[in-house]
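Notes follow the structure.
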Amino acid sequence: MNGTPTSRSNDSLSTIIKYEKSSCLFCNDWFDSQTFTEHLIHCGQVLEQCPNTCNVFLPRLKMRAHLKDCPHTKHINSSYGNSDQMAEQRIQLLENDINTLRNVLNEEIRQRLHLITDLGNVRKQNQLQDELSHNTQEALKHLQDRLNEENTQRCYEVEQCQQDFRYCHDIVQTLKTELQHEIDDLEKHINRVSMEAARHQNLLNDNILHLEATVVQHERNNRDKFIEVENYLQTFNDDIKKKLEENADYNAKNATLSVEIKSMKHIVCETEERCEKLEVLFTEVDRNLHHTMQLVADMENYLSTQQRLTSIVNTRGHLIWRIKDFSKKLDESKKYDTILHSAMFSNKPYGYALRLDIYLNGKGNWKGRNMLACLNVIAGEYDALLTWPCRLQANVLIRDQRYAGQSDSDDYVKIVNVRKKSDDYIQTNQFFYIPHKILMQAQYFKNDSIYIEVKILKSQ
């Protein structure tokens, strides 16, 4: 039989085991507790007595075959026709006997199940008691070991405390002796210091009396000297008044000279202010002159551009622009805010007219640290035939001059989007910036020149 414990009482240390399956005593099959009783009622291997009073006990499955061959079957059949009442009484007796046997057998099965359950409980309880005894012995043994260790540790600590107490007692006695000696020495020193202090007090009193006499004598001497100094100052004051009267003319001349010096200082200040204004004006005139020269150059470029609009040479959407004398142009941009314009090019034959504009020293928030640039769509000869609005995408590259034309060149790339609503729409410049610290790197800046390449990728 298979079983698992379902509950345990800690007070009585008893265990009740409920078996999940039980074995039939007749067919040896396993059944759970719910169907076991029903199986015993219908089990085909249960022994039953032959109803023909032949005193034979057979399993239920073989009872029908036995009744066919039973020697008392024919006798029963012959008598059955003669007396139905006797047959009914016999059947009733047989049913009563069968019920009695079933009840007895069921009772025996229940008693056997109880015995098996009790036996399992006893075994489990014995096992639990053995485990409890073993655990108790282990705990007692461990406790005894701990007690022995604790006793040993306590003895060691007591002995150590005694040694420490004796050591402290010796130290205290030594300290008391030393402290007494020091107290005696200190009392002697205090007495000696008191005597010295009394002697110094007497000397101090004598010095104070001598000092008072000296101060009185010095006061008398100082009073006489003060009278002499006062007389001398009076004489000196009279001499100064006489000399001031003699130098009155010189004072008038000095006053006139001071007025002239102040006037000259005022003239010098006005001259400096005028020089500063002239310098500012000169700077502004120089800037305007440079802008005028640039406008003239732009106008010349525009006129030549207008002449070449009908025959733009670069119609492949590809531009390589060399900016030479870069340092000089960067200084001019810092001083005059100049703009550089690239050559005209087109994204395709008869396409949009494009130009790259650059502020070498930047503009606005980017001024002084970055190069600011924009790719512009300008008025072209074929604008009326083109699709508007214009949407282009381009790569702007700062070419690596160390490995030009090689696959491992490290070009600096910017992706630019260009938009313009119509051919007569005033375009708002869409700027992008490149830091100066990148432009001045060795691979991009060489022989005071940089190379800027523009590649038109596609129309958006």
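FYI, it's all coordinate maths here, none of it is from the lab. In this text the structure is predicted, and so the values were computed from the model without any measurement. Glycine gets a Cβ as well: all are built from the backbone with ideal geometry, and neighbour counts include every protein chain shown.
Compute the distribution of all C-alpha to C-alpha distances in segment 105-185, in bins of 10 Å from 0, and list the percent of pairs in each, rounded to whole numbers.
14, 15, 14, 12, 11, 9, 8, 6, 5, 3, 2, 0
With +1 on the Cβ of every Lys and Arg and -1 on the Cβ of every Asp and Glu, and nothing else charged, how large is the dipole of segment 314-457 about its Cα centre, in debye rounded to the nearest 20? It would help to have the intermediate numbers written out before the result.
Numbers: 22 positive and 15 negative charges, 57 e Å.
It comes to approximately 280 debye.
Which of the peptides 185-195, 45-55 is most tightly packed, and how do the rest follow, judged by the mean count of other Cβ atoms within 10 Å per residue? Each step should come with its number before you reach the end.
Numbers: 185-195: 10.0, 45-55: 15.4.
Put in order of decreasing packing, that is 45-55, 185-195.
What does the charge count around SER333 come to, taking other residues whose C-beta lies under 14 Å from its C-beta (Lys +1, Arg +1, Asp -1, Glu -1)?
Details: positive: ARG287, LYS328, LYS329, LYS334, LYS335, LYS363, LYS367, ARG369; negative: ASP325, ASP331, GLU332, ASP337, ASP357.
Counting the neighbours of SER333, the net charge comes to +3.
Any lysines with Cα under 29 Å of the LYS176 Cα? List them, leaving off those in the same chain fewer than 8 positions away.
LYS188
A 28 angstrom limit on the alpha carbon distance is what I want to check against. Which of LYS335/LYS455; LYS363/LYS421; LYS335/LYS421; LYS324/LYS420; LYS334/LYS414 exceed it? Show your work: numbers first, answer last.
Details: LYS335/LYS455 31 Å; LYS363/LYS421 25 Å; LYS335/LYS421 35 Å; LYS324/LYS420 31 Å; LYS334/LYS414 24 Å.
The pairs that break the limit, which is 28 Å between Cα atoms, are LYS335/LYS455; LYS335/LYS421; LYS324/LYS420.
Debye sum, Cα scatterers, segment 19-72, no solvent: what log₁₀ I/I(0) at q = 0.18, 0.20 1/Å?
Log10 I(q)/I(0), no solvent term: -0.62, -0.70.
Relative contact order of the chain: what whole-number percent is it, with Cα pairs under 8 angstrom and at least 6 residues apart?
Values: 431 pairs, mean separation 38.7, N = 460.
8 percent.
State, to one decimal in nm², a quarter of the convex hull surface area for the C-alpha atoms of the chain, i.e. the direction-averaged projected area.
Values: hull surface 360.5 nm².
Spelled out: convex hull of the Cα atoms, projected over all directions, averaged, 90.1 nm².
Which whole-Hz ³J(HN,Hα) couplings does segment 394-400 yield from phi under the Karplus relation 6.51 cos²θ - 1.76 cosθ + 1.60, θ = phi - 60°, glycine and proline marked x?
Per residue, the Karplus-derived 3J(HN,Hα) values read 9, 9, 10, 10, 9, 6, 7 Hz.
What order do you get for 116-126, 88-98, 156-166, 362-372 when each peptide is scored by the mean count of other beta carbon atoms within 10 Å, highest first? Walk me through the numbers on the way to the answer.
Working: 116-126: 14.1, 88-98: 12.2, 156-166: 10.0, 362-372: 16.2.
In descending order of packing, they fall as 362-372, 116-126, 88-98, 156-166.
Put +1 on the Cβ of every Lys and Arg and -1 on every Asp and Glu Cβ in segment 19-72; which of LEU58, HIS72, SER23 then has its Cα farthest towards the positive end of the dipole?
The listed residue farthest towards the positive side: HIS72.
When the Karplus curve 6.51 cos²θ - 1.76 cosθ + 1.60 is applied with θ = phi - 60°, which whole-Hz ³J(HN,Hα) does each residue of segment 226-235 get, with x for Gly and Pro?
Using θ = phi - 60°, the values come out as 4, 5, 5, 5, 5, 5, 5, 5, 5, 5 Hz.
Restricting everything to alpha-carbon atoms, can you work out Rg to Rh for segment 314-457 with a Kirkwood hydrodynamic radius? Display every interim value, and only then the final one.
Values: Rg = 15.6 Å, Rh = 15.9 Å.
Across segment 314-457, the Cα-based Rg/Rh ratio is 0.98.
At a 10 angstrom cut-off on C-beta neighbours, averaged per residue, how do the peptides 332-338, 443-449, 172-178 rank from highest to lowest?
Numbers: 332-338: 16.9, 443-449: 15.0, 172-178: 10.0.
Answer by packing, highest mean first, reads 332-338, 443-449, 172-178.
Please turn the phi angles of segment 387-393 into ³J(HN,Hα) values with the Karplus equation 6.51 cos²θ - 1.76 cosθ + 1.60 (θ = phi - 60°), one per residue in order, whole Hz, x for glycine and proline.
The phi angles translate into 8, 10, x, 8, 9, 10, 10 Hz.
Label-point separation (nm) for LEU105 and ASN417, each offset 7 Å from Cα along Cα-to-Cβ?
Inter-label distance under the simple model: 9.5 nm.
So what is Rg over Rh here for segment 143-293, counting just Cα atoms and using Kirkwood for Rh?
1.65
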